[in-house]
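Written out below as structure tokens is the structure these notes cover.
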Amino acid sequence: MKHGGIVGIMVVLLFGTAALWWGSDGFTTFTAESARRLDVARSPRPLPAVALEDQRGETVAFEDFAGKVVLLNFVYTRCTTICTVLGSEFEQLRDEIEHSELEGRVVLVTLTFDPEHDGPKQLARYAERYGGADATWHFVRAPSMDDTRRLLRAMDVVVVADGFGGFVHNAAIHVIDPRGRLVRIVDSDAIGEALALARELA
Amino acid sequence: MLSYRSLVAAGLLLIAAVPPLAWWWEASLVRHMLMQIPMLVLAGFLLGTLVAPSPDLGVREERAGGIAAVLLATFCVTFWMIPRWLDAAVASHRVDAIKIMTLVLLAGLPLAWGWPRLGPVARGFVWVQAISMAIVLGLLYLTFPNRLCNSYLVNEQAILGIAMLGIAGFLGLAGAVPVLFGANNGSPAPRHPGARVDP
Amino acid sequence: MVAENPRVFTIDEAGRRIVAANLVVAGAVLLAMMLLGLTMRLGQSGWLEVPPARFYQIMTVHGTGMIGIAALGGITVMWYFLSQYVRLSTHILTANLLLFLIGVVIILTADFIGGFAAGWTILFPLPTHGAVWPAEAAFWHLLGLMLVGAGLLLVALDFGRALIARYGSLGRSHGWPQLFGLSNDPLPPPTVIAGTMVTIVTTLTVIGGASIMVPMMINALNPAFTINPLLAKNVIYFFGHSLANVTIYMAVVVIYELLPLFAGRPYKASRIFVAGWTGSTIMVLIIFPHHLFMDFAMPQWASGMAQVLSFTNSFPAMLVTGFGALALVHRSGIQWSLVSGLLFLSLFGWLAGIVPAVIDATIVVNSVMHNTLWVPGHFHFYMLLGVIPMILAFMLYLTRDRLGRSPEKDSDMWALIVYLGAGLGFVLVFLYSGRHSVPRRWAVHWPEWMVYDRFASVFAALVILAAAFFIVRFLIGLRHFLSGR
Amino acid sequence: MQELVWDIALLVIAAIAAIFLTVAVRAKQLIDPDRIHAFTYGFRAKAFAALVIVGIAVAVITLRQLPYVKSSAVPVSQVVNASGFQWYWDLDRASAVAGQPVEFRVTGGDVTHGFGIYDDSGRLLAQTQAMPNYTNRLLYTFDTPGTYRILCLEYCGIAHHGMVSEFEVTAP
């Protein structure tokens, strides 16, 4: 055992580096957000069957959009900061989709994670800010808080209270393929990328 | 055997690792990184001082073993400094349990065994690396425009960044003051095997 | 406490072997890097076809390699003389050489095969935004630098450990109690004071280097993580300036130790000497903003301070080391030999090299000189005619020229004259090109600049011949040194 | 400026060389070490005083004319927005009128570049760094009409030497 100590150092170096490599997907993924995106891109995730309610108070479900590509984002209507940016980005997306070959094949869904406050009335009012809901853009909530949590958990969306009555959450566009699986997550301002993906999948 | 140290270690574990107190620490990024994790490592360290035999520095193997042990602790702490694993520990109790166990057993314990076995150069090396890693993390958290952790707010990130730079400064001063102004008188005779001064 | 310069230096066999290995590597890399430098000048002069991508890879390797061997050679000089006063570890010096060699292999691979060519200054975000080389190449180049830095850090820490063991603290080995009148003990020898400065500066330099290279390595792997470019620039120049500078403070002890042997007069530390070195310790670490004069976003106080400190930083070199050494030689009946000649030349190179540096550290001048060939002119001055002759003098002293008693050959004097003449010509061409606004780091030169490049190429070739002569001399005498006689 | 700087540098280097030569040549004329000590150290005090005086004078003179433009400066009628990219200059206008100040707002689009203004004889007139995230304001008044060139003065990758743009200056 003349070189036992040196061997020990080598073993620790090897296993330590391996652990860090594994824990960061080859030193590329250091944050939970990028880990979530990488994981979704690698293995698409089915979404839980959850009853949703839209801005008119009518019941909808993700199955209703089967055969279409869904671009989904999360908001809460009291939000005055990032969610307004998210809204105008989806507005741009709608302008691009409508009157193009994508119309009817791609829908936009804005989902509130604050169903206790955001009822159909609040959702409708929120929709009005961006020209109202139509066949392309739906504003929905999962009426029960449990269902909302299941949805958020399935997509690894984390919502944190900001201490001022609002929330902080992952701002991103979630791309759901015609089979109802979450297949990609892109930056909320990556409109071109989201459209390209939708075109590919639709 | 109930010694003073084992009591402190048990107390630290109780405060840092037992829910719901553990969750309270983890609810804030600064508490999580700068209080809970150090407490866990310290608890492991104190437990380690109870079980580790005192070093025999005449044996070279002991020194190499010390380096391996401190390296292990470094890897373990580094792993839990990766933002996604901080997030994962908050999101999953199972990951959190693994975090607590590894920080105690794979970071604190080996540190207690390894640190007394390190020579002054190795200690200095670890110290210097700790300073630059604190600067790196400080800059990372201070300047990163987006959220690094999904579980925490971005303003807490900036606080953590400043705190990390503060820690770097503290480590620097704590290292520099004794090195520059130590009260030791030194050894009177210049003896060295490599090169002896001829009379 | 022993303050006298030892008349004879002794070293055990393990120490001899690692010192020799370090110097062989330093000599070989020096020649290789000089040839790369010549290739660049030939390419600019139009005499040799060097594709731009290859030119910039060569430029990156040349800069990195030269700083690397200046540090390796300098730290070996310092190790040898410091080991006369304190107990140093040969294992650490060996570890340093191994880390250096591994780092060199990684860097050469990353640059010549991976295509990395961001210059030795690795100015963020260029390393990871090179457009033609992959980010992985940047990662590996930076990793190579980190290994070289880790080796230097180990030696510096060993210096620190040994100095503290012997003197109690770095403040004491720096002579501070005597400087501030708190102690009447004799001052530590000059080499110990210089070694203390090198310990402090090298350690802080490596901390700075690691603090910026690790984020850049993360950026190479994960582009989403970025760094503020101006902050990065500050840290990079803190690291780069201090590292390039500290090499001369490592190597300069060869003057303190050897020149007295030739001149027959002792070189003793004084309170002025301690004050000068203390000033250097502090100023070397805080004058780096003189690299950022053209960054108008820098706070003006930082720029103004950097200009003033750059002026004052020349005082210790000029008035302490330079003046002291000249006084030592003046009318001393010094024995001129290859070694004492190189020592004298190196002192001139250092002091004269400060002149264009200080001038360029004036903000108004910097406006029209920054990043012209004036800048390489100034640092080639003190590297080629300062640091390198110090290391060469050390190599030749060890192998053949103890106390200058060995017979001098005509060829020795000729080599010295060629080295000085061609070296001076080489750096003056750089400075003259700077006077004519020739931009720095251009692979392709405009026709009107090529005449300068051709003169530079001829001078460079002559310098290489002289340097090769010295290094061959060293290699021939190496067995003599290793045998310990 | 360049000529002055070169002359001063050459003069001081020559002076240092002369001192070294003198010491080298006279090294064999032995002198009593005690006398040399008193002589040289008295001389050092004078040299120190001289360096301090020259240094302060140069610092005071040169620090009064810094190239940095404060944001509160008088408005300039000619503004040029310049961005450096790998490997070209993007200038929103490529001409100006002589005799009136021009404000160059310089930034880097990808990596750090250097914005250097050259006249038609190849002389560097003024420069600033072109860095991402920052806009540096460089004020320059062209005295004579003609074709000027913008050269990249910070190494920015393998076509660094190709970053040259022309800038026309017309008579008022």
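Bear in mind that the values in this text are calculations on the coordinates, not laboratory data. Predicted, not measured: the structure shown is a model, and the values here were computed from it. Cβ sites come from the backbone with ideal geometry, for glycine too, and all protein chains shown count toward neighbours.
Averaging over all projection directions, the Cα-based convex hull of the stretch A:1-121 occupies 12.5 nm² in the image plane. Going by the alpha-carbon gyration tensor, a ≥ b ≥ c the square roots of its eigenvalues, is the protein assembly as shown rounded (a/c under 1.5) or, if a/c is not under 1.5, prolate (a/b greater than b/c) versus oblate? Oblate shape, in that a/c is at least 1.5 and b/c is the bigger or equal ratio.
With contacts taken as Cα pairs under 8 Å and at least 6 residues apart, chain A reaches a relative contact order of 28 percent. Counting only aspartates and glutamates at least 8 places from A:K68 when in the same chain, those with an alpha carbon closer than 15 Å to its own are A:E98, A:E101, A:E103, A:D177, A:E200.
Among the GluC sites (Glu not before Pro) within the stretch A:97-173, those in coil by DSSP and having at most 13 neighbouring Cβ atoms inside 10 Å are A:E101, A:E116. Mind scanning C:K409/D:K28; C:K268/D:K46; B:K99/C:K233 and naming the pairs with a C-alpha gap bigger than 28 Å? From C:K409/D:K28; C:K268/D:K46; B:K99/C:K233, over 28 Å: B:K99/C:K233. Relative intensity of the stretch D:78-170 on a log10 scale, I(q)/I(0) at q = 0.12, 0.20 Å⁻¹, equals -0.31, -0.87, per a Debye sum over C-alpha point scatterers of equal strength in the absence of solvent. With contributions of -39500 (n - 2.57) from each DSSP H run of at least four residues, the per-residue ellipticity at 222 nm computed over chain B stands at -22000 deg cm²/dmol.
One equal scatterer on each Cα of the stretch C:161-296, no solvent, Debye formula: the resulting log10 I(q)/I(0) at q = 0.10 Å⁻¹ is -0.44.
Each listed q (0.12, 0.13, 0.14, 0.17 Å⁻¹) maps to a log10 I(q)/I(0) for chain D, found by the Debye formula over equal Cα scatterers with no solvent: -0.71, -0.77, -0.84, -1.08.
Applying 1/(1 + (r/R0)^6) with R0 = 56 Å to the Cβ-Cβ distance of B:A183 and A:R125 gives a FRET efficiency near 0.15.
Shown is the FRET efficiency for B:A158 and D:D90, computed with R0 = 45 Å from the Cβ-Cβ distance and rounded to the nearest 0.05: 0.85. Using the alpha-carbon atoms, what tilt in degrees (0 to 90, nearest 10) does helix B:120-143 show relative to the longest principal axis of chain B? In chain B, helix B:120-143 runs at an angle near 30 degrees to the longest axis.
Per residue of chain A, the DSSP helices (runs of n ≥ 4 H) give a summed -39500 (n - 2.57) that works out to -12000 deg cm²/dmol at 222 nm.
The Cα atoms of the stretch B:43-132 cover 47, 30, 17 Å along the three principal axes, with the biggest extent listed first. Counting only alpha carbon atoms, the long axis of helix C:229-251 and the longest principal axis of chain C meet at about 30°. When every Cα-Cα distance of chain A is counted in 10 angstrom steps from zero, the calculated P(r) takes the values 8, 32, 33, 12, 6, 5, 3, 1 percent. With each label modelled as a point 7 angstrom along the Cα→C-beta vector, the C:V24-D:A47 pair spans 4.1 nm. In loop segments of the stretch A:99-202 as defined by DSSP, the trypsin sites (Lys or Arg not before Pro) with at most 15 further C-beta atoms inside 10 Å of their C-beta are A:R129, A:R179. Label sites at A:D64 and A:S43, each approximated as a point 7 angstrom past Cα along Cα to Cβ, lie 3.2 nm apart. The fraction of all Cα pairs in the stretch D:2-62 landing in successive 5 Å bins from 0 to the largest distance is 4, 14, 12, 23, 19, 12, 9, 5, 2, 0, given as whole percents.
For chain C, the share of alpha carbon pairs falling in successive 10 Å distance bins from zero is 4, 20, 32, 29, 13, 3, 0 percent. On a 0 to 90° scale, report how tilted helix D:33-62 is relative to the longest principal axis of chain D, with both axes built from alpha carbons and the result rounded to the nearest 10. The angle comes out at about 20 degrees. For C:N371, what charge total do you get from the other residues with a beta carbon under 11 Å from its beta carbon, if Lys and Arg give +1 and Asp and Glu give -1? Its environment carries a net charge of 0. Cα gyration tensor of the stretch B:4-179, axes a ≥ b ≥ c as square roots of the eigenvalues: rounded (a/c below 1.5), prolate (a/b > b/c) or oblate? Because a/c hits 1.5 or more and a/b fails to exceed b/c, the stretch B:4-179 counts as oblate.
Each Cα pair under 8 Å and six or more residues apart adds its separation to the average, and for chain D the resulting relative contact order is 19 percent.
Diffusion of the stretch D:18-98 by Stokes-Einstein, at 37 °C in a medium of 0.692 mPa s and with Rh set to the Kirkwood radius over alpha-carbon pairs, works out to 170 µm²/s.
Over the stretch D:78-170, Cα pairs under 8 Å with separation of 6+ residues give a relative contact order of 33 percent.
Among beta bridges identified by DSSP and lying wholly in chain D, the antiparallel ones come to about 70 percent. Applying a DSSP loop filter and a limit of 16 other Cβ atoms within 10 Å to the trypsin sites (Lys or Arg not before Pro) in the stretch D:118-172 leaves D:R123.
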